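Engineer: Submitted below is the structure of interest, expressed as structure tokens.
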Amino acid sequence: MNYISINDYAKKHVKHNAGESIKNVKERLRSTVARQEKGASCTVCGQPIWALGSTFSGFDGCFSCFTGESDDSNDYEVY
Ligand SMILES: [Zn+2]
């Protein structure tokens, strides 16, 4: 997993998703990371959640359940 700050990720995200507000994206990411820090778990398998995937899909899941892959070396996670 490649770790990226919420601010940096939000900038990237709005670049690729015209029309989304950076403020809104940051708030959503912050609230998911806050839940992750409190121990939120994947609704499918119970592993710790993948904050990035959970933020944009609308439910709590881990990296493997979202992507079907165990290799997360090309993906991002926010902190
Ligand atoms: Zn899972």
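Just so you know, all these numbers are worked out from the coordinates, no wet-lab data involved. Please read these numbers as outputs of a predicted model, since none were measured by experiment. Here the Cβ positions follow ideal geometry from the backbone for every residue, glycine too, while neighbour counts run over all protein chains shown.
Engineer: Note the angle between two axes, namely the Cα long axis of helix 22-37 and the longest principal axis of the Cα atoms of the chain, as a number of degrees from 0 to 90, rounded to the nearest 10.
Structural biologist: So the helix axis and the longest Cα principal axis differ by about 20 degrees.
Engineer: Now, a different point. With an 8 Å Cα cut-off and a minimum separation of 6 or more residues, compute the relative contact order for the chain in percent.
Structural biologist: It comes to 38 percent, rounded to a whole number.
Engineer: Would any residue of region 41-79 have its amide N under 20 Å from a label point 7 Å out along Cα→Cβ of D8? List them or say none.
Structural biologist: Residues 50-56, 72-79 fall inside that zone.
Engineer: For the chain, what is the mean residue ellipticity at 222 nm derived from helices alone (per DSSP H run of n ≥ 4: -39500 (n - 2.57); sum divided by total residues; nearest 500 deg cm²/dmol)?
Structural biologist: Theoretical 222 nm ellipticity from helices: -14500 deg cm²/dmol.
Engineer: Just going by the charge dipole of region 12-77, with Lys and Arg at +1 and Asp and Glu at -1 on Cβ, which of A18, N74, P48 is farthest out on the positive end?
Structural biologist: A18
Engineer: Explain nothing, just the number: dipole magnitude of the chain about its Cα centre with +1 on each Lys and Arg Cβ and -1 on each Asp and Glu Cβ, in debye rounded to the nearest 20.
Structural biologist: Rounded to the nearest 20 debye, it is 460 debye.
Engineer: I've got another one for you. Rounded to whole Å and sorted largest first, what semi-axes of the equivalent ellipsoid does the C-alpha gyration tensor of the chain yield via the square root of 5 times each eigenvalue?
Structural biologist: Equivalent ellipsoid semi-axes, largest first: 20, 14, 11 Å.
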